[in-house]
Every structure is written in structure tokens, then in C-alpha cells.
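The values are calculated or read from the model by the stated rules, or taken from the named source; none is laboratory data. Computed from a predicted structure; not experimentally measured. Positions of Cβ are generated from backbone atoms using ideal geometry, with glycine treated the same way; all protein chains shown enter the neighbour counts.
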Amino acid sequence: MGAGGFPLRPKGNTVEEIVAKKTDRETVPYELKVSPDKLSVLLSMEPSCPRNDAWHAEVEAKLKEMGISTAPEWEKIDLLINDAMAGGQVTDVPILSGITPVPSEDGRLEWTDEFFTTGYYVDPITKRTDFHQKVEKTSVEKGQLLVRVIPANPGRDGQDVYGIPIKVSRPRAVELRSGPNVLWDASENGYRSKTSGKVRLTGKILDVDEVFRVSGDVGLETGNIKHIGQIVIDGNIEANFKVDASGGIDVHGMIFASDIICGGNLVAREGINENNGKRINVQGDVASKYILNAVMECGGNVIVGTEIFQSYIKSCGEVRCEGRIVGGEIISAQGITVHEAGSKANVKTALVAGINFTLLEKLKKNTEDITGLKETIKKLTPVFKKLKAGLAALTAAQKEGLMEIEFKISEAEEEITSLEEQNKNIKKEIYANKNAHITILGTVYPGVTLRIFDSQYAVENALLGPIEARLDRATAEIALSSELENKTE
């Protein structure tokens, strides 16, 4: 142990650790070592070690023994030593440094959304995993920025204290090419979608498919699907999954109890087997082999092959079924054509034509809004009259409040006028549907109710078709094309 408690290393240490110096016949310890990364020579010493030219020369000699030919800049080093001595012992003061290498940075991709993230959604509160909802979001909009390409950044070679070069590796550039529906955006240094659709990365090619094709079923493997554009499903839509498309949905298999939102036409080639807890909302037409237990709203026509059973369907167009309609309620704005209505078991079945459900809903909403606005005016008017009667005594703030009440009353009155005008036009549109018809080509059974606009006809005895029901303008009652009522055997 040296003076001041500094540990001495015996002679014969490696070149990275050399000790010793004699001054005025007294051993004064110091230590030189090379840092593990070989980028620094570190000095540790006792405060009593004299720092003179002779000591500097000895240190330089030891450095040469270590294989280091560069001499320290002693003026700077002595200042560093002085600073270290202020804290007590001098430990690991760098007296020589190499050139630190700068690592290269590989090019990388910064995706703007979780297009290719695997896994399922986990509820942040319950921590439960929803195996119907995948994390990945593959649906994109036209013009959406998909990815930014961060270019590779070359590094810089270094050199250690022995003068040996430290080479850095070359950076790897990003290899990504655009498909037909993806374009380069120089301002963002990235790729944008040229169309709405499903983003796809195949090898090194990024593209967007306008049609989202599911090769099998919509189920656990796919999770719920939401897509901007058209969807083609080669298999089924399994129960309790959701499919949401801004375009059409073409299902080659069956639709089981699922929630469906379709911005275009919906095709169910093998049929729809729903339950009353799920909803199907279609902006365009619906074509299906059959429909069972469905709750559906359709902006266009509903065309069915064999059967509509215990379903509640609202259509802004026509409903045509080549087979039978049994149970439930079918509402069509333009008309209903079916081969057979009801069943021998007298199942309650309602066929309603001439009712545009969207117009009725709008009329109802406007009427509710008018009622609310009138109630607001009713509440504000007494307050307004009272304040106006004492106008001269009102403060500036009260006058401002009076003006605000007057504005609210005026605004409500204008809104009421606008909504009432809308309702007049809606009623005209609704009245135009009085020309709708209900046509039964085969048999209509007891238990079936035929309704056109606000008139209805309850079938008490089975009728043989073809029968066409229309609204008689003279009597405002439903008139059948045949007045014969014959019981079927």
C-alpha cells in the first residue's frame, strides 16, 4: 500500500497497467491503463506525485512501452489533474484519447399505423383479450400516408490509442418498392395510397388492393373486418364477428349471426342465418339464397331465392322472393312480390308496402326536434318579457343576457320553420309511395296482414294467387286483383 492508501501494483504487470516512478529516492506511485474499449489512456496517481518534466518524460516512455506513440498534451492534462485533486485522489483521468467511431444507422420504415401488427385487442381496463378483434388495421383511405422511409446514415471509422483503425459496418438501405396503387411522396419521403382499399406488403412490394379478399372464412383467423372498399369472402362469416365495408360485400358462403355494415350491395350466395340480436345495414341491394331470423335495413332492393323466415326487413326499394315469406315483418317502400305468404300454421306475417322507413324516421326525428324547440321557447319567453319590461333598470350584463335570450328564441323559431318545411316535403314523398303494390303469385294464408301506406287487409281465409293488392284511391282501402277467397285443401 502506497502513501495515501493508493494500492501499488507489482512490477511485471501487463502493458495496460504500469506503475512506478522514483523521485528524490522516494517511490511515488501512479498507474496507467488503457480503457476496455481502447479509446482512452487513464491515469491514476497519488497527490504527492510531482508533476515535472522528468515525470512527463517517464510517462511518455511508459506509453511507448505500452505501444502508444502519441504524447499527451501536458498543459491540458495538468489542468485535468488539478481539477481531480480538488476532490482528493486522482483516479482514471484520461490523458490520451483515440477517435471514437460513429456507428452506421440502417435505413428503416416508420409505418403510420399498425398495418402489420400481429395479435388481438386487449381491453385496457378488464385486460381481457378480444379474440374477435385483431390489432392490425389493414384498411386505408385514398391519399393516406402509409409509411415514411428513413434513409440509411453512414457511420465514421475510429481509431484506438494504439493507432489501429476501428472500422464500422456499412449501413443497410431499406428495400421497398411501390405497387400500382401506391405512389411516392417526396415531401414526406414516403409512400401514399392512390386508392382506398387494403394495404398489402408482399416481399419488398407495398401495394393497396381495392378489393379486400378473404380466402377462407371470417372468423378467429381474420378477426373482425373493417375495410374502405369492397370485400370478397370466399367462405362464411362466422357467428359473432363483424364485417364493415364502405363498398360491397360478396360472401360466397353463408352469413351467420353477425353484425354487417355494407356501403354497397350485399351478396350472400349460400344464405343468411342470423338472430334477432344482430343487425344488417346495407346501403345498396341485398341478394341472398334465403334469409332466416334477420333484422335488416336496406337502402335498395332485397332479392331472395327460396325463403324469408321470421325476419324483420326494411327496404327503400322492392322486396322480391321467389319462394315464401313466413313470419316477421317485411316493409318495402316500392312493393313486395312473393310466391307464397304465410303458412298453413297461420304464422303471423306482415307484408307492408308504400312505407319508406328512412322518411318516417326523419319525420319522427324532425317532429321530436320541433317539440323540443317549442319547449325551449316556452321557457325563455316569460324571462324575456320580464327583463324587457324593466329594460331601463337593467345593468349592462343583464342587457347582454336579454339580447342572448332574444337571439336563442329567434334561432329556435327559424329552426322550427325550417323543420316544418322539411316535414311537408317528406310527407309529399311518403304520399308518393301510395302506388306501391303487394303481389302474391301462389297462396296467401290466414295470419298474413297486407298493408299499403296506412290501410291494411287481414287475410282470414287462404287465397289462391296470383293476387295483387293495391290501394284504391277512391276508398283509400286495399283492393285485391281477385275477390275470390277459396280455401286451399
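Of all residues assigned to segment 456-473, none qualifies as being modelled with pLDDT under 90, assigned to a loop (DSSP other than H, G, I, E, B) and either touching a helix residue (DSSP H, G or I) at 6+ places or on another chain (Cβ under 6 Å) or of a type in the set (A, V, I, L, M, F, W, C) (or both).
Let's see how each residue does on (1) surrounded by 13 or more Cβ atoms within 10 Å (Cβ to Cβ); (2) in contact with a His (Cβ under 9 Å, 6 or more places away or on another chain); (3) not small (Gly, Ala, Ser):
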residue	(1), (2), (3)
ALA61	no, no, no
THR70	yes, no, yes
ILE81	yes, no, yes
GLY119	no, no, no
ASP123	no, no, yes
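Scan segment 38-66 and report the pairs whose first residue is within 11 Å of TYR162 (Cα to Cα) and in contact (Cβ under 8 Å) with a residue 60 or more places away in the chain and whose second residue is polar (S, T, N, Q) and not in a strand (DSSP E or B), with Cβ atoms within less than 7 Å and a gap of 6+ or a chain change. Cβ pairs passing all conditions: LEU39/THR100. Identify the residue in segment 39-87 that is outside any loop (DSSP other than H, G, I, E, B) and of a type in the set (Ser, Thr, Tyr) and, among all such residues, is modelled with the highest pLDDT. Ranking the candidates gives SER40 first.
For every residue, the table says whether it meets (1) touching a residue at least 12 places away in the same chain (Cβ under 8 Å); (2) surrounded by 13 or more Cβ atoms within 10 Å (Cβ to Cβ); (3) more than 30 Å from SER48 (Cβ to Cβ).
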position: LEU96; (1), (2), (3): yes, yes, no
position: GLU105; (1), (2), (3): yes, yes, yes
position: GLU110; (1), (2), (3): yes, no, yes
position: GLU114; (1), (2), (3): yes, yes, yes
position: ASP130; (1), (2), (3): no, yes, yes
position: GLN133; (1), (2), (3): yes, yes, yes
position: GLU136; (1), (2), (3): yes, yes, yes
position: VAL140; (1), (2), (3): yes, yes, yes
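If only residues of segment 234-261 that are touching a Lys or Arg at 6+ places or on another chain (Cβ under 8 Å) and not in a strand (DSSP E or B) are counted, the one that is nearest to VAL282 (Cα to Cα) is SER258. When THR395, THR376, THR381 are checked against the criterion of being surrounded by 12 or more Cβ atoms within 10 Å (Cβ to Cβ), more than 30 Å from LEU359 (Cα to Cα) and of a type in the set (Ser, Thr, Tyr), THR381 stands alone in meeting it.
Quick check: is even one residue across segment 150-160 closer than 20 Å to LEU183 by Cβ, in contact (Cβ under 8 Å) with a residue 12 or more places away in the chain and surrounded by 12 or more Cβ atoms within 10 Å (Cβ to Cβ)? Yes; the residues of segment 150-160 include at least one that is closer than 20 Å to LEU183 by Cβ, in contact (Cβ under 8 Å) with a residue 12 or more places away in the chain and surrounded by 12 or more Cβ atoms within 10 Å (Cβ to Cβ). Taken over segment 159-181, the residue count meeting the criterion of being in a strand (DSSP E or B) and among the β-branched types (Val, Ile, Thr) is 1. For segment 164-178, the set of residues classified as of a type in the set (Gly, Ala, Ser) and either exposed (fewer than 11 other Cβ atoms within 10 Å of the Cβ) or modelled with pLDDT of 95 or more (or both) consists of SER169 only.
Counting residues in segment 182-204 that are assigned to a loop (DSSP other than H, G, I, E, B), among the aliphatic types (A, V, I, L, M) and surrounded by 14 or more Cβ atoms within 10 Å (Cβ to Cβ) gives zero. State whether one or more residues within segment 440-460 are over 30 Å from THR376 (Cβ atoms), surrounded by fewer than 18 Cβ atoms within 10 Å (Cβ to Cβ), of a type in the set (Gly, Ala, Ser) and touching a residue at least 60 places away in the same chain (Cβ under 8 Å). Yes: segment 440-460 contains one or more residues that are over 30 Å from THR376 (Cβ atoms), surrounded by fewer than 18 Cβ atoms within 10 Å (Cβ to Cβ), of a type in the set (Gly, Ala, Ser) and touching a residue at least 60 places away in the same chain (Cβ under 8 Å). Pairs meeting the criteria (first residue in segment 377-399 and outside the structural domain of GLU413 (by TED's automatic domain parsing), second residue assigned to a loop (DSSP other than H, G, I, E, B) and not acidic (Asp, Glu), beta carbons under 7 Å, at least 6 apart or on different chains) are lacking. Within segment 328-343, is there a residue that is within 39 Å of the chain's Cα centre (by Cα), surrounded by fewer than 20 Cβ atoms within 10 Å (Cβ to Cβ) and modelled with pLDDT of 95 or more? Checked against the condition, which is being within 39 Å of the chain's Cα centre (by Cα), surrounded by fewer than 20 Cβ atoms within 10 Å (Cβ to Cβ) and modelled with pLDDT of 95 or more, segment 328-343 yields at least one hit.
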